[in-house]
Amino acid sequence: MTIETNGMDRRDVLRAGVAGAAAVATGLASTPAMAKELAAGFIINKENYDSIKGDTFEGKTIASMVPEKLEWMIKNYNTTIKLANSKKIEMDKKYMQATKDGAKDVKFNPADRTVSGWKAGMLFWPNEVDPKDPNAADKLLWNLRAATYGATMDLRDIAWAFLDAKTGYERVQAFQSRRYYMEGRLDGGPVTVGDGTISQKTYFVAIYPQDIRGLGLFSVRYNQPDSKKPDDSYAYLKSVRRVRRLSGGAWMDPIGGTDQLYDDWDIWDAAPTKYKSNKLLSRRWILAIAHSPEISVDLKFPFTEPAKRFPRIGITIPPHFNPAPDVGWEPREVFEIEGVCPDEHPYSKKTVYMECDFPRPYLGFSLDRKGEFWKMFIFQNRPDVGDDGYNAVMPVLGHIIDVKRGHATNWSSNMKSNPKGVTEQMVSLNVLEEVATGTGQ
Amino acid sequence: MKIEKSFKRAIPGLAVAAALAMGLPAAHAGDAEGAGDFKFALSGYARAWVSINLENQGEFRPNKGLHNGVGCTSTTTNAAAGGACSGPYGSSVAGNGVGGNNNVASLNQGSTLLGPVLPNNSEVNKATDGNYNSKYKPSMVRGSVLLDGDASYMGLKFKAIARLDREYKTDYLEQLENLRKANLSGNGTSPFGYNGGKAPNPNSILDNYNNFDFREFWVEAPIGDRTTVKIGRQQIVWGESDFFHAMDVVHGYDLSWRLFFEGENEEWRKPLILISTKIRIPEANGMLAAYIRPGWDRCQDIGNTYDVNGGRWFFNPYRGYTLETTTTKNCGQENWDENNIGGGIRWQGEAFDLNYSIAYMHANSADPVANPNPNVTGAASGYKGSTVDGSIFDRIHPEIDVIGITLSGYTALLDAVVSTEVAYTFNQPFNQGQGGFFGYAGDPSSPFSGKTACPTNSLGSGVGFDASGIGTGVGLCGIKTKGVINSMLRMDKNLKLEDVLGTSRPSFSSIQLFDQWVMDWKDSDQLVRLFAYGSPLKEHNTILTAFTVLNYMNDKINPSFVVGFDINNGGGFAIPAVAFTLNDNWVGKIEADIFWSGGRTENAQFSNERSQLFGYFDKSTQLVFRLTRQF
């Protein structure tokens, strides 16, 4: 059974349409003018939002596609939305086939909310998850374990820009990074690498500025069903020329000095069991950035020209941390999921809006321990074709905005799926020092 | 000034390159690509420091001459100017005139005038503007420019790091320089003469600190998928310990310009020319690393460098006293020859969620020991039959063999990483001879009092002055090697201080216990902690250190606090600091380097006042500002 759009069935939609027509005819409609279909390229901003929110785009009202917190951002932080026509995105056929093949083996245990039997592809067909299932949200979040990035992901040229709403660009921290998935691999090699206990391995090596250049970070994520085993984390400290093991319980901590927690990686990074509970709030349409322009980090420009080096961030336009106004937002159908964080987490709740057809987060927000709006997450995504032809969908930009402080840390990356020639050993602790030392290319 | 002739020509070019790099907007860590897959990146910094003394240092006080004994015999002391002597060397000087003739300092042994070892009061006064007060005076105004170049081509990686250091001669340094000259002039002669037979006029004190060096220069090549080989001037760091060195013995450190206070110890570790390799063996979940030091390094690259040329970081009470004129660093003989081959091998791996390593190294001892001149000991030769070039002793770094293991792992119970390191050094050299220079037990009130004789089987035992019942003291009886176990236990934890101190994220914090245990301990060996001090080494020397780093405003403001305690002897240090990240180009730091001696310090040179580790840094507390423009 499929979820009806925004909780309304087709008959309700028809009734609303008739009622609306009648209201217009009698002059009792709340909007002063007839709703119109906006054209692609129209820019929604705080000046026009209230007047166009009843208008439609691709047949859906603007208001229905702008969640409450995004509307707040439009009105309070000058976020603008350039309408773009939606384009169909299809995950790689191997990904979909693996989902189909594995469906019978994947089991969800309601007692502890863990899963078993997964090999590759999505764990659960999102369109077959019963919205009334009390574990619907957990199942959809478990799908994030089947990343849409491919078997290996290069986070090329990834850089976090620190931005203040009033003063603009502050500074940047730039890295090269690579993630190697040890499970769910669909690149023609073994689906699972190693002894089957590791989910993925990731390294980051800092390349700029000079005081962090050469710093290396390496982590191993495990795939225990209950997710209780923390990541193994290490740092190569170039200033003392040593690798140091780090405390593993950092998933709730900020990534360095950024506004982003490790848990905010891809908006939602933690296994669903790390949260006290998760709830599927709705299936709905939102405006989201699913086709960010090709270049996220323009290497032709130096770090001293951040607005040009990071062209998808509106660095020159106050508050300096929104998506660039020329980036298109298209209607996407998403699941709206709210998680209740553990008591020791800085957030009380986090909400994510992720694509219905495959696990790709677009938007999210978090509340602080007092229940007040704290952070807005706007991620720009883009389909990518790996070096082996794999059709992936990658996040290429993350706007992590602390709305209370008026500060953001936005990351940008020229992501690449399934880069050629990468082996498991190239993402390991024993190469961290070598990778961290060098040209940063 | 320490500079290789072959590098002098490079200085103008590097200065121009540095200026261009700072001026060009594109020259951050420049991403330059040339033909083929050639890649090049250049980064670096220009950095400045200002240090300000927060204490008055005793070396400038005029009553630091040890004694005035002219006219005294071995059985008399002089309690007042011109009066009769009252002890073998006169009494301690409490002010002008006590002990005899103000204008002459002497070591009197019988009727033999040995000449001045130390300046007399008037010389000090003349040299240093009279009762100079070093408190609140800048002790360091320093600038450095560093260029760090990386290149890669056809799978090869290249690295070159060069650094130029220059200091300004502050008034304080000028006073030290004058004090240095006064130490040499005095009565005109050193009891054992000077190196080369003639008292040299020391160069500018800035020669202690000005430097240019190609710090690193290497090429790294992959061999297959598992192996890399690196050849050239490089740094290798094994072991886990912070601040101290159990397995981190491949290189010495340059402690002459900032002691151990620069957080980036890669800046003061002394690179060596090495051939190193790493072989990854994933089947065994580990990696083999090995290196050879082929013996192509300069003498100055071997072992730790201290500010022994009478500079600001020479240990209390020897600031302004140069060892360079009566001792030499000798790297030319026996098992301290710089051309000897060294090396090491290490296996590191992972098992049972623990990271471990086991290693063996053959290296030079980091701290020097004194190889006393036979003129001092009366022996037939120096250590191991060597000849000694220094008129009093040579500073040597004998080779040692070290095996060690490390272990680290995360404990969910404590939410912390616990690490340990244990290293056994087979043949750690120590100096022998406790007590003051030519210690004599006949007068317990004398600062020279100490042992009556050198330890049995030491170089100086039963010969020379020792035969007359006067031990050489201050570690100059000879050298003895001992087995030593250096061990470390440490816990790292991210403290959740956000609600308590308003930090923006958990604070990386650490506490560490480090112990040096000298095996086969015998009091009769008279081991000393360091030559020039008569204070005894203890069987256990244990230091507790801890630090925490706080972060505010997205890591723009980062206060930190480091503290250390000498558990056995008292004394310690503390470093409260604040680091600022202003933007991509500018970072700054303000810190206070605070010492306390626990009462274990020397107030008189060559005496037996039982100084221990932190007594060396008595009166060295200072405030430091550092500003870096990076690119």
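By the rule of a C-alpha distance below 18 Å, with chain neighbours fewer than 8 residues away ignored, the lysines paired with A:Lys375 are A:Lys69, A:Lys75, A:Lys166, A:Lys349, A:Lys350, A:Lys404. Entry note, chain A: the mean residue ellipticity at 222 nm calculated from DSSP H runs of n ≥ 4, each adding -39500 (n - 2.57), is -3500 deg cm²/dmol after division by the residues and rounding to the nearest 500.
Model label sites at A:Val191 and B:Ile511, defined 7 Å from Cα along the beta-carbon direction, differ in position by 4.9 nm.
With R₀ fixed at 35 Å, the C-beta to C-beta distance from B:Ala592 to B:Lys538 puts the FRET efficiency at about 0.75.
Taking label points 7 Å from Cα along the Cα-to-Cβ direction, A:Glu344 and A:Lys279 give a separation of 2.6 nm. Take the Cα of A:Val385, go 7 Å toward its beta carbon, and the backbone nitrogen atoms of the range A:162-186 under 20 Å from that spot belong to A:186. For chain A, the relative contact order works out to 18 percent when only alpha carbon pairs closer than 8 Å and six or more residues apart are counted. 3J(HN,Hα) couplings calculated from phi for the range A:184-196 with the Karplus curve 6.51 cos²θ - 1.76 cosθ + 1.60 (θ = phi - 60°) are, in sequence order, x, 6, 10, 9, x, x, x, 5, 10, 10, x, 8, x Hz; Gly and Pro show x. Extension gain, B:Asp401 to B:Lys135: 0.36 nm times the residue separation minus the Cα-Cα distance gives 91.4 nm. Measuring only protein heavy atoms, the 1.4 Å probe finds B:Met287 accessible over about 10 Å². Bridgeable aspartates and glutamates around A:Lys87 (alpha carbons under 20 Å apart, same-chain partners fewer than 8 residues away excluded): A:Glu37, A:Glu58, A:Glu294, A:Asp326, A:Glu330, A:Glu333, A:Glu355, A:Asp357, A:Asp384. Per-residue shielding of B:405-416, expressed as the average number of other chain Cβ atoms within 10 Å of the residue Cβ, stands at 3. Sorting B:Glu267, A:Glu58, A:Glu47 on solvent-accessible area from highest to lowest, probe radius 1.4 Å, gives A:Glu47, A:Glu58, B:Glu267.
The largest accessible area among B:Asp523, A:Asp101, B:Asp515 belongs to the first residue in B:Asp523, A:Asp101, B:Asp515, and the rest follow in falling order (1.4 Å probe, all chains).
Computed with a 1.4 Å probe over protein heavy atoms only, the accessible area of B:Asp520 comes to about 100 Å². At a threshold of 40 Å², the residues of the range A:250-289 that become less accessible to a 1.4 Å probe in the full protein assembly than in their chain on its own are A:Asp253, A:Pro254, A:Gly257.
In this structure B:Lys480 has an accessible area near 70 Å², from a 1.4 Å probe over the protein heavy atoms. Of the trypsin sites (Lys or Arg not before Pro) found in the range A:198-247, the ones in coil according to DSSP and having at most 13 other Cβ atoms within 10 Å of their Cβ are A:Lys228.
Among B:Val418, B:His397, B:Thr377, flag the residue with its Cα farthest along the positive direction of the charge dipole of the range B:363-419, charges on Cβ as +1 for Lys/Arg and -1 for Asp/Glu. It is B:Thr377, whose Cα lies furthest towards the positive end.
At an R0 of 35 angstrom, the distance between the Cβ atoms of B:Leu413 and B:Tyr552 translates into a FRET efficiency of 0.70. According to a simple spin-label model (label point 7 Å from Cα along Cα-to-Cβ), what is the distance in nm between A:Ala40 and A:Glu372? Going from the A:Glu372 label point to the A:Ala40 one covers 4.2 nm.
Note on B:548-555: average number of Cβ atoms from other chains within 10 Å of each residue's Cβ is 4. For B:Lys538, a cut-off of 20 angstrom between C-alpha atoms picks up these lysines, skipping any fewer than 8 places away in its own chain: B:Lys451, B:Lys480, B:Lys482, B:Lys522.
The values are calculated or read from the model by the stated rules, or taken from the named source; none is laboratory data. What you see is a predicted model, and the numbers here were worked out from it, not measured in a lab. Please note: Cβ atoms are built from the backbone with ideal geometry, for glycine as well, and neighbour counts cover all protein chains shown. Ligands, DNA and RNA are stripped out before the accessible areas are found, and what is left, the full protein with its side chains, is counted by its heavy atoms. Shrake-Rupley method; radii C 1.70, N 1.55, O 1.52, S 1.80 Å.
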